[in-house]
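Quick notes on the structure that follows.
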Amino acid sequence: PGATGYMPSANKGIAADLEGRFDISLKPGTYEVRFSYAGYNPTILTVSLEEGESKALDIALSNITLQQVEIKAYISDYTSGTAMGRTRLDMETIKLLPAFLGEVDLLKTIQLLPGVQAAGEGSSGFYVRGGGPDQNLILFDDAVVYNASHLLGFFSVFNSDAIEGVELYKGGMPAEYGERLASVINISQRKGSTEKFQGRGGLGVISSRLTLEGPLIKNKASFIFSGRRTYIDALITPFVSEESDFGGSQYFFYDLNGRLDWDLGKGSSVYLSGYFGDDAFDFNSPQTEFKTNVTWGNRIVSAGHV
């Protein structure tokens, strides 16, 4: 049913009825008829008719046989799993955003994502879907970070040169990330180059940083070490008189990152990761002869199998 025939020389066409039959009247002559139907190979017949002659044709169309077809599809990271409310960012994307005082800040970038609200202007604290800043679980190479900021929240402790990327779970956190109600931030440190020794660094408005990486065993084991230190103390000292209430006071912070990776073969590897960072505040008041030294920071060491 629905198969069609077309005769170019007569400029006529026919279509089969519901039973697959057709009927047409033509003048005497020779006609080329092309029969076709979707999904079948067309058949071409030559029919000759004389005066008063009637012909019955039995036409069978053969199925079209396709060659093997290979279909490939690629899905993005956002649809590759069933995790709800998960966002992944790499450092190449994060570095495209404006930097605060020349410092690329991971936590301030997270504050720009939907469902995340900054705790205050310039602060690295944030609220996720109504949860408080203390309800966010922050992990660095799977180790918990309890103090994620420097300078009372204006800078995060994460050196951008040592970070590979970050995963943010705003809801439906996997069971392995327990202990918090609002969100999970899983930050991964970069692996060192297994090909050659190299370094990078930078000078900022208030801090400088240096990163060194390279192979311990070529194509087998690698290392990366990165350091950052501010010189806020050196910048402020010329503007504060030693005879003032804050004479001799100073403040600075630093970060040290390191990671060792060893390839076990067959897509498996082990790593040892560490972070050491401090905020150091010295207060010295010549007027009252009161002095104090306060230091706070993080000591993080983790090891794992990938």
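The values are calculated or read from the model by the stated rules, or taken from the named source; none is laboratory data. Please read all numbers here as calculations on a predicted model, not as lab measurements. Here the Cβ is made from the backbone with ideal geometry for all residues, glycine too, and neighbour counts use every protein chain on show. We work out accessible area using only protein heavy atoms, side chains counted, and drop any ligands, DNA or RNA first. Shrake-Rupley method; radii C 1.70, N 1.55, O 1.52, S 1.80 Å.
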(message) Need the failing condition index for Leu151 against (1) closer than 27 Å to Val294 by Cα; (2) in contact with a strand residue (DSSP E or B) (Cβ under 6 Å, 6 or more places away or on another chain), just the number.
(response) (2)
(request) Six or more apart or on different chains, Cβ under 6 Å: which pairs go from a residue in region 261-288 that's at pLDDT below 90 to one that's outside any loop (DSSP other than H, G, I, E, B)? Could you list them? (result) Phe281/Tyr251; Phe281/Val294; Asp282/Gln250; Asp282/Asn293; Phe283/Thr292; Asn284/Lys291
(request) Identify the single condition in (1) over 16 Å from His150 (Cβ atoms); (2) open to solvent by 20 Å² or more (accessible area, probe 1.4 Å); (3) of a type in the set (D, E, K, R) that Glu213 does not satisfy, given that it satisfies every other one. (result) (2)
(message) If a residue must be over 20 Å from Val205 (Cβ atoms), part of a loop (DSSP other than H, G, I, E, B) and either polar (S, T, N, Q) or over 20 Å from the mean Cα position of the chain (by Cα) (or both), how many such residues does region 137-166 contain?
(response) 4
(request) Just give me the residues in region 153-178 being over 20 Å from Gly115 (Cβ atoms) and either at pLDDT 85 or above or not small (Gly, Ala, Ser) (or both), in sequence order. (result) Phe154, Phe155, Val157, Phe158, Asn159, Ser160, Asp161, Ala162, Ile163, Glu164, Glu176
(message) Filter region 18-39 down to the residues that are modelled with pLDDT of 85 or more, among the polar types (S, T, N, Q) and either surrounded by fewer than 14 Cβ atoms within 10 Å (Cβ to Cβ) or at positive phi (or both) and list them by number.
(response) Thr30
(message) Here is a list: Ala10, Ala15, Ala3. Which entry is in contact (Cβ under 8 Å) with a residue 24 or more places away in the chain, surrounded by 10 or more Cβ atoms within 10 Å (Cβ to Cβ) and of a type in the set (Gly, Ala, Ser)?
(response) Ala3
(message) Given the options Lys108, Lys55, name the one that is under 23 Å from the mean Cα position of the chain (by Cα), charged (D, E, K, R) and modelled with pLDDT under 85.
(response) Lys108
(message) Which numbered condition in (1) touching a strand residue (DSSP E or B) at 6+ places or on another chain (Cβ under 9 Å); (2) open to solvent by 40 Å² or more (accessible area, probe 1.4 Å) is the only one that Lys266 fails?
(response) (1)
(message) Which of the strands (runs of 3 or more DSSP E) found entirely inside region 168-224 contain at least 3 residues meeting this: closer than 29 Å to Ser268 by Cα and either free of Cβ contacts under 8 Å to residues at least 12 places away in the same chain or out of contact with any Leu (no Cβ under 8 Å at 6 or more places or on another chain) (or both)?
(response) 207-217
(request) Considering every residue within region 123-141, establish whether at least one is touching a residue at least 60 places away in the same chain (Cβ under 8 Å), surrounded by 18 or more Cβ atoms within 10 Å (Cβ to Cβ) and touching a Leu at 6+ places or on another chain (Cβ under 8 Å). (result) no
(request) Among the residues of region 1-40, count how many are in a strand (DSSP E or B), farther than 17 Å from Ser62 by Cα and among the small types (Gly, Ala, Ser). (result) 3
